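Data first, discussion second: the structure below is written as structure tokens.
The values are calculated or read from the model by the stated rules, or taken from the named source; none is laboratory data. Bear in mind the structure is a predicted one, so any value in this text is a computation, not a measurement. Quick reminder, even Gly has a Cβ in these numbers, built from the backbone with ideal geometry, and neighbours come from all protein chains shown.
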Amino acid sequence: MFKKQWFIRFITANIEYKNDIALLRKLVIINALVLAIILLFSTFALYNAFRAEYLIASLDAAGLLVCGTAYYQLYVNKRLDFAVVAVSATLMSFLLALAIVGQNQEYSLIWTFFLPIFVIMLNGRKTGAKMVLAFYGILIPLAFYNIGIWQDGDWTFTSFLRFSLASLVMVYTCYYSELAMEKSYSSFKEAQKEEKRLLAERNSLMLETLEKQDKLLTDISHELRTPLTIMRVQLEALQDSVVKDPATAYQTIQAKITEIDSLIHDIAKASSLGHEHHSADKTAINVNQFIRELVESFKDRFDDAKLALSLQLENDECMVVGNRDNLRVAFEKILDNSLRYTDSSGKVRVTVMQDDHSMSVVVEDSAPGVRKHDRVKLFDRLFRVESSRNRETGGAGLGLSVAKTIVEAHKGQISIDESSLGGLKVTVELPLA
């Protein structure tokens, strides 16, 4: 393990690359290339000096000095960009210098084919390609000018053509190889970002779900505690014979039992809707007839509450496919919400309409309205607008949540807006059969 860590630090010059593959690739290439060039320059500087080729030896020495400086800057000052530019410039300058002084033998010409690989990989596709093209823009005219001189006079026009074509092919190959590498790396980075985003969303959703579960349990405890406290007080009063009207006390207890039963029923319904497969028991439903029957069943209750309930049907026939029982529960919850929270002597209007692809049931009621920032919370379980959470209006705040679950299970949408009557407008959209 120690050797592995030491080797990684060595090939990366101890520069932090995290999970950046492109940076790691560049660090490995520059590290290996600088060391190889330093070794070559050192060897050939001594070799050419021994042969009394002092001009070439001085070029080798100059290249060795620059590459040594680049290596120092890379390892000590962590100047990767400086090392990349210095090595690229050194390679191009050295090969051009050999060409200018007429010393282009076979080995030096072969190195010009390796040049695009290193320069483009180190400097990137665009910058590297420009540098290589500038290099060949000088070298190829020199190659043409030195026909009959290079390689001890064996450099011919045919040699020039082969060299020129091979050079362009190398540049082309290196350029598009790097392009493919960049695209692959970009796709990899995008996939990583998408994976991180999905992971963050999942974690956020899990935290949100846990928070909602905690809140739900707290709210359910509160909702149960309130009627139970009232029942206990009434029972203790009955036991102590301090109640003047036992019949009223029993009615209160019965009402609270009904509230608890209703709450438990709504909670069970909301929970079961999250697990049911709503594809089962689906039938064709005539929405006009369905809503007409539902509104008729609510007439007496609205009359008792001194609320005017009206129905408008804009089409003769409107058909959807769905679970009749569940849809009935959804629309009952919406009408029940208007019944509970609309002021006496108010109005509730139900409208059924359709377009080419969907139908809409709109339930509007009169005052009181709900503030805009509270409307988005009306679909939350156990949310009610009253901050005191008193139960004078009845209901536990589960009705619209249950309705939303049912509507979405039928691939529909439900929304809440301000009504022209002064209260709320609940719109349910369902796809036509």
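Go through the range 16-25 and count every residue that is surrounded by 15 or more Cβ atoms within 10 Å (Cβ to Cβ) and assigned to a loop (DSSP other than H, G, I, E, B).
1
Results for (1) closer than 30 Å to residue 400 by Cα; (2) under 52 Å from the mean Cα position of the chain (by Cα); (3) modelled with pLDDT of 80 or more, shown as yes or no for each residue.
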| site | (1), (2), (3) |
| --- | --- |
| 218 | yes, yes, no |
| 228 | yes, yes, yes |
| 236 | no, no, yes |
| 242 | no, no, no |
| 247 | no, no, yes |
| 257 | yes, yes, yes |
| 265 | yes, yes, no |
| 276 | yes, yes, no |
| 280 | yes, yes, no |
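Looking only at the range 103-133, count how many residues are in contact with a helix residue (DSSP H, G or I) (Cβ under 9 Å, 6 or more places away or on another chain) and under 19 Å from residue 63 (Cβ atoms).
Number satisfying all stated conditions: 18.
Are any of the residues in the range 100-113 within 26 Å of residue 184 (Cβ to Cβ) and surrounded by 14 or more Cβ atoms within 10 Å (Cβ to Cβ)? Walk me through how you get there before you give the answer.
The initial filter retains those residues of the range 100-113 that are within 26 Å of residue 184 (Cβ to Cβ), namely 113.
Subset that is surrounded by 14 or more Cβ atoms within 10 Å (Cβ to Cβ): 113.
Among the residues of the range 100-113, at least one is within 26 Å of residue 184 (Cβ to Cβ) and surrounded by 14 or more Cβ atoms within 10 Å (Cβ to Cβ), which makes the answer yes.
What are the residue pairs meeting all of these: first residue in the range 236-265, first residue at negative phi, second residue acidic (Asp, Glu), Cβ atoms under 8 Å, and 6 or more apart or on different chains?
Taking only residues 6 or more apart or on different chains, the pairs are 263/223.
In the list 28, 87, which residue meets the criterion of being assigned to a helix (DSSP H, G or I), of a type in the set (Val, Ile, Thr) and crowded, with 16+ Cβ neighbours inside 10 Å?
Working: 28 fails: crowded, with 16+ Cβ neighbours inside 10 Å.
Result of the check over 28, 87: 87.
Taking residue 120 as the residue in question, decide whether it is surrounded by 21 or more Cβ atoms within 10 Å (Cβ to Cβ) and either farther than 30 Å from residue 8 by Cα or out of contact with any strand residue (DSSP E or B) (no Cβ under 8 Å at 6 or more places or on another chain) (or both).
On the way: surrounded by 21 or more Cβ atoms within 10 Å (Cβ to Cβ): yes; either farther than 30 Å from residue 8 by Cα or out of contact with any strand residue (DSSP E or B) (no Cβ under 8 Å at 6 or more places or on another chain) (or both): yes.
Against the criterion (surrounded by 21 or more Cβ atoms within 10 Å (Cβ to Cβ) and either farther than 30 Å from residue 8 by Cα or out of contact with any strand residue (DSSP E or B) (no Cβ under 8 Å at 6 or more places or on another chain) (or both)), residue 120 qualifies.
Looking at the structure I just gave you, is residue 55 assigned to a helix (DSSP H, G or I) and surrounded by 14 or more Cβ atoms within 10 Å (Cβ to Cβ)? Spell out the reasoning first.
On the way: assigned to a helix (DSSP H, G or I): yes; surrounded by 14 or more Cβ atoms within 10 Å (Cβ to Cβ): no.
In short, no.
Which members of the range 113-167 meet the condition of being under 16 Å from residue 97 (Cβ atoms) and among the polar types (S, T, N, Q)?
If the condition is that a residue be under 16 Å from residue 97 (Cβ atoms) and among the polar types (S, T, N, Q), then 146 is the only one that fits.
Scan 180, 143 and give me the residue that is in contact with a Phe, Trp or Tyr (Cβ under 6 Å, 6 or more places away or on another chain) and assigned by TED's automatic domain parsing to the domain that holds residue 21.
Values: 180 fails: in contact with a Phe, Trp or Tyr (Cβ under 6 Å, 6 or more places away or on another chain).
Testing whether each residue is in contact with a Phe, Trp or Tyr (Cβ under 6 Å, 6 or more places away or on another chain) and assigned by TED's automatic domain parsing to the domain that holds residue 21 leaves just 143.
Every residue in the range 60-84 that is of a type in the set (D, E, K, R), surrounded by 16 or more Cβ atoms within 10 Å (Cβ to Cβ) and assigned to a helix (DSSP H, G or I), please.
Initially, the range 60-84 is screened for residues of a type in the set (D, E, K, R), giving 60, 78-79, 81.
Next, from what is left, pick out any that are surrounded by 16 or more Cβ atoms within 10 Å (Cβ to Cβ): 60, 79.
Selection gives 60 alone.
Among the residues in the range 86-95, are any within 30 Å of residue 153 (Cα to Cα) and touching a Ser or Thr at 6+ places or on another chain (Cβ under 6 Å)?
Just the residues of the range 86-95 that are within 30 Å of residue 153 (Cα to Cα), to begin with: 88-95.
Now drop any that are not touching a Ser or Thr at 6+ places or on another chain (Cβ under 6 Å), which leaves 95.
Yes, that holds for at least one residue.
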